Amino acid sequence: MPEKFLKPYDSTVTEARIYAEWEKSGLFNPDECVKQGVTKADVPTYSIVLPPPNVTGRLHMGHSLMLAIEDVFVRYKRMRGFRTLWIPGTDHAAIATQSVVEKQIKKHEGKNRHDLGREELLKRIEKFAAESHDTIVSQLKTMGASLDWSREAFTLDAERSRAVNTVFKKMYDAGLIYRGHRIVNWDPKGQTTISDDEVVYEERAAKLYTFRYSKDFPIPVATTRPETKVGDVAVAVHPDDTRYKKFVGKEYDAVFCDVPIHIKIIADKEVDPSFGTGAVGVTPAHSQTDWDISDRHGLSHEVIIINEYARMTVDGRLKDKKTTEARDMVVEWLKSEDLLEKDENVTQNIATAERTGGIIEPLPKLQWFIDVNKKFDERGKTLKELMLEPVRSGAIKIIPEHFDKTYFHWIENLRDWCISRQIWYGHRIPVWYSGDEIIVGEAPTGVDWIQDEDSLDTWFSSGLWTFSTLGWPHFAETAMRGKPGSENDFANFHPTDLLETGYDIFFFWVARMILMTEFTLSTIPFRNVYLHGLVRDAQGRKMSKSLGNNLDPLDITAKFGADAARMALVVGNTPGTDMRISEDKVRGYKHFANKLWNIARFVLSQKHAGEIKENLKTEFDALSMDITNDIEEFRIYMAAEKLYHYLWHRFADEIIEESKGRTEYSATLYYILENSLKLLHPFMPFVTEEIWRSLPTKDSEFLMVAKWPAQHAVE
RNA sequence: GGGCACUUAGCUCAGUUGGUAGAGCAUCUCGUUUACACCGAGAGGGUCGCAGGUUCGAGUCCUGCAGUGCCCACCA
C-alpha cells in the first residue's frame, strides 16, 4: 500500500497535479482519444458547448454548478466510449463588459467614453477582457472541467465574427432583418437601446395625478408622468363611453406649462373606461401604447419632448430639465393654475435596464430589428413558428419538462427583436452606407463607404454558439462525418447533445439559439436542454455583493476541494429548482472524499486473491445499472446520492466490516472498489483518479478513459 | 391581467410508471473494537397544505380551496 494513504486525503496537493496530468495526456480532445486507442474511431459522438462565461471578472457558484453538471455528463459519456467533445469559450458580453470598464475609468480617471474615444476605449476593454479571460480559464480548470482547450472559442474572435456577419447577411437577404423607426427601450444611463428581454420591472410607489390641460378642456385626464403631457397630441376615450361621446372629434388648443399644445379627442377601444377618468392623454413619441394609438388615428409621431439624456427638449421653464425635476415643476404649475383635480398614491411597475439599473425612457429611434412574424423562405414559416416546432415535436427535450409551457407562453408574447446597440464593444453592424446605397455582410472596398456606428446585441452572437464554435461557416461545406480533426467538427458534433444552463437565461439564450439555428441551418442546435436553478445561500437568499453572502468558488475549492464542491452542488439538486449551499454542506462531502480514501486504504491493505462473491457482485451490478440509467435519464442528483449512500453505509459500514479478518472477501472488495471509482469518477474526478493510480490491476492508465462498468439498459 | 411551479421529519430536500413514507444535516443515547473521530452502533421525530373524487389501494391521478415563489404583459 502506497504511503500516501497513511495520511488523510489532501485535495490541495492532489487536484492541481491531477488536472495538469490530464491536460498533458491530451485526453480531453476526442481526436487524441482515438489516436491513443482509448476511443474507437467509428463510434457515435457526444458534444456539449460550454455556456461561455462573460469576461466581466470572475466566476461565481452558479458557474461552478454548471461545470459540475456538464462535466458529469461529459466524463460519463467519455467513459462509455463516445467520441466526446466539450468546447470551452468565453463571451464578450458587450454591454456588461463595457459598462464595467467604463465605471472603472470613471472612478479612477474621471473620464467618460467620449473623452477617450472609440479606439482607446476598445483597447482598454480588450485588455480587461483578456485579464478576465485568464482568471476564468484557471477557475474552470480548478473545478476539474474536462474541456478540450485546443478548441477554445471567444464570441468576438475572428471565426465567430465571420459567423455573425454571415448570418446577419442571410437574415437581411431573407427580409427578416430590417431597419425601422419606432419606439425602443432607451437606457439613458447606458446610453443605448436594449431589447424587451433586458428590461426588468420594479415595483415602486408613485402618484397618479388627475388634471385638465386648461380651464376650458372638457375631460380630466389621469397620468403618472405629468411632464410628458407637454408632448400630448390627443386624448383617447372608449368609443362607448357615454360621458365623453359628445366630445369625440373636437380639437383644443392650450398652453401647457409654457408649451403650446394641440389636443384632438379620439375614440379607441383599447382605452379602459374604468381606469382613472377613462381618458388617456396620448404622447405618441414617448409611449409604445400611445404610438400604436396614434398610428390607428393617423396622428403625428413627431412631437418629441425628451432626449437621450432623459432631459426635456421643449422651450420655456422646462427646457433642459431632467424628467424627474420637470415632473415636480409641472405639478406645481398645475396647482398654481388650479388644474390639478387630485393625486393618489399608487404602486407602479417601472421599467429599468437590467445591466445599468437606469430607468427606461421609451424613445422613437431608427434601429435594426429581427422580424419574428414574417413568413420568409420556401418553408413559408415565421421565426416564431420555427422556434415552436422542435420543442413541440420533441426534437428538443427540455428538462424539467414543464418549462416547455413557459417557452410557448413566451413565444406567444414575443415581438420583433431590437438588435442594434449604441455601444462600442461588440460586433459592429456589418452594414456600410454610401449615399443611398447600402452593402450588407462584408466590408466593401473604396473610401466612400461608412460603416454603421452601432454594434449588435451580444445575444446575436451567443445565439450562434453551438455551430460557430464548430467551424461554421468556414468548414461547414467540407466537414466530413467520421473524420477526425477540428475541421470536421461541424459534421461530427452538430447538433450538440446537451445544452446545460440556468433557467434565468432560458429566454435570452436558449430561445435565441433555437431561432438562430433553425433559421441558419434548418436544424436544431441541441437535442436536450438541462436547466439548473439558482445557487442560493444557506438562508435561501440570492447571493449578492451587497448582502456579502457570496461564496467564492476558489475559496470553497481551496478549503474543501473541487470534488467536495461538485458533490455538494450535484447531490439532491433537481433541475429547474433553486438550491441552497453552505460551507457545512461542502464540508460533508470533503469528509466523504476522505471516507473513500480510507476505504481504498483498507482495501489496498488486503491481498488481492480468491473469488468474487456472487451475491455481492449481483448487488453491486444492479446498483451500477441503476446509476447508469439515472445518468442517462438526467437524474444525476439521484445517481450521486445513491453512490454516496452505497459507498458509505453499505460498502464501508457493512461489507467491509463483515470482511474484517475474513480473507475470502478480498477479491470482492477489490471488485467493488475498482468499479465504484468508475461510477463515482464523473462526480468526484480528482480523488477517484488519485486512488485509481494505486490499484494493482486496472484496465486503463487514466480512470477518466477507463471502461464504464455497466451498459445502459436500452443497449 | 396571463402563465408556470411549489406546499412531505426541527432545517434543506428526494420520492422516475399509484402498492402500507426516505436521505443529508440537526437532536438524543452508547462506543475510542487499528481503514477512517473528516469514525462507528442505535434512537426519537411526519394525519405527505386543506376539502372532495377516481381506485382493491394515492405523497403519487382528477377537481376545488388556501398559502408561497417565479416568469411574462404592463393601465394611462
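Values computed for the structure shown
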read-out	value
Assigned charges on the beta-carbon of Lys, Arg, Asp, Glu; segment A:583-645 dipole about Cα centre (debye)	480
Anisotropy class of segment A:151-202 from Cα gyration tensor, a/c 1.5 cut	oblate
Lysine pairs with alpha-carbon atoms under 30 Å apart, segment A:1-86, spacing 8 or more or separate chains	7
Accessible surface of chain A [probe 1.4 Å, protein heavy atoms]: carbon and sulfur percent	50
Cleavage-rule hits (GluC sites (Glu not before Pro)) in segment A:383-414: DSSP loop, at most 13 neighbouring Cβ within 10 angstrom	A:401
Among beta bridges that DSSP assigns inside segment A:479-622, antiparallel share in %, nearest 5	10
Calculated over segment A:478-637: convex hull of Cα atoms, volume per residue (Å³)	211
Calculated over segment A:257-300: convex hull of Cα atoms, volume per residue (Å³)	96
DSSP beta bridge pairing in chain A, given as percent antiparallel to the nearest 5	70
At most 14 other Cβ within 10 Å, DSSP loop - trypsin sites (Lys or Arg not before Pro), segment A:190-290	A:215, A:243, A:250, A:269
Aspartates and glutamates whose Cα lies under 19 Å from that of residue A:322, excluding same-chain neighbours fewer than 8 positions away	A:187, A:227, A:232, A:258, A:308, A:332, A:361
Radius, Kirkwood style, for segment A:351-393 when every pair of distinct Cα atoms is counted (Å)	13.5
For chain A, alpha-carbon Rg and Dmax in angstrom	30.9, 106
FRET E, pair residue A:350, residue A:58, Förster distance 41 Å, beta-carbon r, rounded to 0.05	0.85
Pairs of alpha carbons in segment A:574-715 whose separation is greater than 20 Å (percent)	49
Convex hull volume of segment A:551-656 per residue (C-alpha atoms, cubic angstrom)	113
Calculated on alpha-carbon atoms, Rg and Dmax of segment A:428-556 in Å	20.4, 62
Student exercise, segment A:247-362 dipole from Lys, Arg, Asp, Glu Cβ charges, in Debye to nearest 20	120
Computed label-point distance, nm, for sites residue A:341 and residue A:437 using a 7 Å Cα→Cβ extension	6.0
Calculated diffusion of segment A:620-659, Stokes-Einstein form, Kirkwood radius summed over Cα pairs, 4 °C and 1.567 mPa s, µm²/s	124
Cβ crowding within 10 Å averaged over residues, with A:35-48, A:59-72, A:607-620, A:420-433 ranked highest first	A:59-72, A:420-433, A:35-48, A:607-620
Ellipticity estimate at 222 nm from DSSP helix runs (n ≥ 4, -39,500 (n - 2.57)) divided over chain A, nearest 500	-11500 deg cm²/dmol
Accessible area in square angstrom per residue, chain A, 1.4 angstrom probe	43
Segment residue A:552-residue A:528, length gained on full extension (0.36 nm per residue, minus Cα span)	5.7 nm
Qualifying lysines (Cα of each under 24 Å from Cα of residue A:381; at least 8 residues distant if same chain)	A:169, A:170, A:397, A:405
Unit charges on C-beta of K, R, D, E only; dipole of segment A:11-84, Debye	140
5 angstrom amide H check on residue A:500, placed H, neighbours 5+ away	A:530
Flagged links, alpha-carbon separation over 32 Å, of A:483/A:590; A:595/A:698; A:127/A:375; A:375/A:483	A:483/A:590; A:127/A:375; A:375/A:483
Segment A:1-58: radius of gyration over Cα atoms, expressed as a fraction of 2.2 N^0.38 Å	1.66
Hull shadow area, averaged, segment A:261-336 [alpha-carbon convex hull, nm²]	6.0
Helix A:61-80 vs. chain A, principal-axis angle (Cα, 0 to 90°, nearest 10)	50
Sites residue A:106 and residue A:544, calculated FRET efficiency, Cβ-Cβ separation with R0 35 Å, nearest 0.05	0.95
Cα lying deepest toward the dipole's positive end in chain A, options A:511, A:153, A:85, charges on Cβ	A:85
Convex hull of Cα atoms in segment A:191-336, direction-averaged projection (nm²)	9.3
Sequence ranges A:537-545, A:508-516, ranked by mean other-Cβ count within 10 angstrom, highest first	A:508-516, A:537-545
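The values are calculated or read from the model by the stated rules, or taken from the named source; none is laboratory data. All values derive from a computational prediction rather than experimental measurement. All Cβ positions, glycine included, derive from the backbone under ideal geometry; neighbour counts span all protein chains shown. For the accessible areas, the whole protein counts, side chains as well, though only heavy atoms, and no ligand, DNA or RNA atoms are used. Shrake-Rupley method; radii C 1.70, N 1.55, O 1.52, S 1.80 Å.
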